[in-house]
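Below: one structure, written as structure tokens.
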Amino acid sequence: MLYNNLHPLVSRRTFLRGLGLMSASAALAACGQTTGAGQTTTEAPAPLLAIIHTNDTHGHDVAVEGTDDTEGNFSMAAVAALKTEWEKKGYEVLIVDAGDATQGMPLVDTTKGMPAMAFMNGCGYELMAVGNHEFDWGVEALAANEETANFPFLSANVVDKVTGEPRFVPNKIVELTDGTKVGFFGLTTPSTKTTTSPRNVEGFTFLSGDELIACAQAQVDELRGQGCDMVIAVAHLGNDAIGGDQSKGVLEQVTGIDLFIDGHDHEEVQEEVNGVLLVETGCYLHNIGVVAIDEGVPSDELVAAGTFDGIDASVQAIIDDENQRVEDQMNVVLGATAYFLDGNREPGVRTMETNLGDFCADAYRWTSSQELGYEVDAAIINGGAIRSSIEVGDITLGIIKSVQPFGNDLGVVKVTGAQLLEALEAGCQAIGTESALGGFPQVSGIRYTIDASMPFEEGPLYPDSSFHSPAALGARVTIHDVGGRAFDEGDTYSIAMSTFLCQGGDTYYAFKAAAEAEWPQTFCFDYEALVSYLVEGCNYEVPAEYENPQGQGRITIVGV
């Protein structure tokens, strides 16, 4: 591990020499000693290294000024300018990203992530770890983005099921001016198999648990074997999972990592785990991270939006051109709201009922009923599918797209009461814990209660999933009524949902069997349902029934 919090009498050069990052002659010169025929060496000290890191930008590549109530974010062009600043200080600078750059906002969504590659190419990124949302546009778009990038997509634990080989480049070695070798390897969260559409990942195995730990250790050993003086993990793991599937779990079980740059859970992290510095910037370019390594000693700085005003003009020009194209499409006003519609993650759509959750679920149900010509019983939208709030004022197409950026198809599935109860039990499994899952069910046409005082009892893992089935139906969730009639496990209900849920996405494997038995007719994209409901169902104005941010009492949580 790198020099960190050693006793002040232990010199940095002594520590560095112990790592092998200084040659013997350089170490002697640093101490004023001589080599050869009594001549003092003049070898230059090891170069200064700065690693600029980003993660979970999700298309937030245009600068936004912060307010008293909202956090601002950088333009991606600031990343390039920050690189120049550190180069002026005498540092060699490498820029890396920890994943989820190609999906999330209309700026990158309208062309399936391709603009993000142009922005990152302009900045001179060295590499990017593959995030779960890099898969959202399908394998062809993923490959196109990978080909367009002037840098490798790194991931060692995503394996092609046919070849048995890693799908992506596992690692990369960068040689500094003095010959020091810095090795990077990438890891991708195993939850990708349930946090993107299952059809997008059906050809891949995501190593998890002990296999992920073994994979990471093998990467470290390989890079050390190739003469790397420093080994850095750039991963999209976060710490929402358990054990080896989270960054802290890797650091607790894998030896030889000098620095861990993380993403995925949108947290700001600067801490030491098992003697290794673990860093993460949060998300959305609210911060840019800089790990400065001076003679082997790493220190991380989170540069907050508003504290640095540098802009690289050439990169900004690329962003401005793309942004103008997208704004022309997205600035069409579709309606308005007099009420804030809450799409926050937690507390919010992943932990409780909100008015935006109600609105989205109602939009699914209303649009499906219009298309099919009969009253659909209910609708479910997983909270993780709702990606932003709607502020008071005009609602544009761009705002709707930011709420529903995934472009999933909408369909109606016939499910039994037992399947519905299982789905709600699984979707609510994190309630009452410190975690927040994207599977939390926002609903229309359903009233249910969660008893958070009862622990979620894990049944078997769902096939090809990181989520457990509930051991007992009805242990924590009580469904009161569906479609206006009393709930019965033996009844059959028509449920509007995205194809993401039809394919068993998030925790919704219970719906997969029903959908496979009779695959639903699909008739529009998820965001189009919101447009139709706002324009036609609500006559361009969000009704007063959505005024309360905590929704309309469809979901009751007790025991918290």
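The values are calculated or read from the model by the stated rules, or taken from the named source; none is laboratory data. This is a predicted model, so every value here is computed, not measured. With ideal geometry, Cβ positions are generated from the backbone for all residues, glycine too; neighbour counts draw on all protein chains shown. In case anyone asks, the SASA skips ligands and DNA or RNA and just uses the protein heavy atoms, side chains included. Shrake-Rupley method; radii C 1.70, N 1.55, O 1.52, S 1.80 Å.
When both bridge partners sit in the chain, DSSP labels roughly 65% of those beta bridges antiparallel. Sorting 345-358, 405-418 by their mean Cβ neighbour count within 10 Å, with the most densely packed peptide first, gives 345-358, 405-418. Axis angle, to the nearest 10 degrees, between helix 76-88 and the longest C-alpha principal axis of the chain: 10 degrees. Toward the positive end of the charge dipole of the chain, with +1 on the Cβ of Lys and Arg and -1 on the Cβ of Asp and Glu, the farthest Cα among LEU278, LEU473, ALA514 is that of LEU278.
Axis of helix 313-330 versus longest Cα principal axis of the chain: the two differ by about 0°, to the nearest ten degrees. Cα centroids of the stretch 420-447 and the stretch 244-259: 31 Å apart.
Listed values for the stretch 359-373 are Karplus-derived 3J(HN,Hα) couplings in whole Hz (6.51 cos²θ - 1.76 cosθ + 1.60, θ = phi - 60°), namely 4, 5, 5, 4, 5, 4, 5, 5, 5, 5, 5, 5, 5, 8, x, and x replaces Gly and Pro.
The charge dipole of the stretch 445-560, taken about its Cα centre with unit charges on the Cβ atoms of Lys, Arg (+1), Asp and Glu (-1) only, comes to about 200 debye.
Rounded if a/c is under 1.5, else prolate if a/b is larger than b/c, else oblate: which is the stretch 139-277, with a ≥ b ≥ c the root eigenvalues of its Cα gyration tensor? Note, shape of the stretch 139-277 comes out oblate. Each of ALA78, ILE386, GLY551 was scored by the projection of its Cα onto the charge dipole of the chain, and the greatest displacement toward the positive side belongs to ALA78; charges sit on the C-beta of Lys, Arg, Asp and Glu. Computed over neighbours whose Cβ is under 11 Å from that of GLU545, the net charge equals -3, Lys and Arg +1, Asp and Glu -1. Taking Cα centre as origin and charging only the Cβ of basic (Lys, Arg, +1) and acidic (Asp, Glu, -1) residues, the dipole magnitude of the chain rounds to 1080 debye.
For the stretch 58-104, a/c is not less than 1.5, where a ≥ b ≥ c are the root eigenvalues of the C-alpha gyration tensor, and a/b does not top b/c. That puts it in the oblate class.
Packing, as the average of other Cβ atoms within 10 Å across residues, places the peptides 431-439, 150-158, 192-200 in the order 150-158, 192-200, 431-439, highest first. Just want the answer: with Cβ charges of +1 for Lys and Arg and -1 for Asp and Glu, which residue in THR188, ALA149, GLY138 is farthest toward the dipole's positive end in the stretch 132-202? Towards the positive end, the residue furthest out is THR188. The overall shape of the stretch 484-560, judged from the alpha-carbon gyration tensor, is oblate: a/c is not under 1.5, and a/b is no greater than b/c. All other residues whose Cβ lies under 15 angstrom from that of VAL139 are scored, Lys and Arg at +1 and Asp and Glu at -1, for a net of -2.
Evaluated with a Cβ-only charge set (Lys, Arg +1; Asp, Glu -1), the stretch 186-304 carries a dipole of roughly 500 debye about its Cα centre, given to the nearest 20. In straight-distance terms, cross-link reach from LYS414 covers every one of the aspartates and glutamates whose alpha-carbon lies under 17 Å from its own, apart from those fewer than eight places away in the same chain; here that gives GLU371, GLU375, ASP377, GLU422, ASP481, ASP488, GLU489, ASP491, GLU516, GLU518.
Using a 1.4 Å probe on the protein heavy atoms, what percent of the accessible area of the stretch 78-135 belongs to carbon and sulfur? Answer for the stretch 78-135: carbon and sulfur cover 50 percent of the accessible area. Residues in the chain average 39 Å² of solvent-accessible surface per residue, probe 1.4 Å, ligands and nucleic acids excluded.
Helix 209-225 and the long axis of the chain differ in direction by around 20°, with both axes built from C-alpha atoms.
Which entries of LYS193/LYS512; LYS83/LYS172; LYS112/LYS161; LYS181/LYS248 have Cα-Cα distances beyond 22 Å here? Cα-Cα > 22 Å for LYS112/LYS161; LYS181/LYS248; rest within. Other residues within the sphere of radius under 10 Å centred on the Cβ of ALA233, judged by their own Cβ, net out at -2 (K and R +1, D and E -1).
Of the solvent-accessible surface of the stretch 381-460, computed with a 1.4 Å probe over protein heavy atoms with every protein chain present, carbon and sulfur atoms account for 48 percent. Are there GluC sites (Glu not before Pro) in the stretch 495-528 that DSSP puts in a loop and that have at most 16 other Cβ atoms within 10 Å, and which ones? Those satisfying the criteria are GLU518.
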